[in-house]
């Protein structure tokens, strides 16, 4: 069984979500939220938080690797999002 839901929605500046998934010998529960805060007429700050719990038969062996990989992927995602949002081509389309 896998599901995800946005359980805390306050458009246009807040989204809260939860999710759950089960696989062969593993399970994941996650919750998170995103808030958009206008800092000026042309600048919006994106604040986010996430909590992920993974249960696997060998979780104790790979927990440090999983945490490091998740942190790296999260940093890359938001770095790419920022680069795309701040690019001159994006500003020209607005």
Using 1/(1 + (r/R0)^6) with R0 = 41 angstrom and r between the beta carbons of residue 70 and residue 41, what's the FRET efficiency to the nearest 0.05?
0.75
More than 14 angstrom apart: percent of Cα pairs within segment 1-57
62
Using a Förster distance of 30 angstrom, determine the FRET efficiency expected from the C-beta separation of residue 34 and residue 57, and round it to 0.05.
0.40
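Read-outs throughout are calculated quantities, based only on the coordinates presented, and are distinct from any laboratory measurement. Note that the structure is a prediction, hence the values are computed from the model and not measured. Ideal geometry is used to build each Cβ from the backbone, glycine not excepted, and the neighbour counts take in all protein chains shown.
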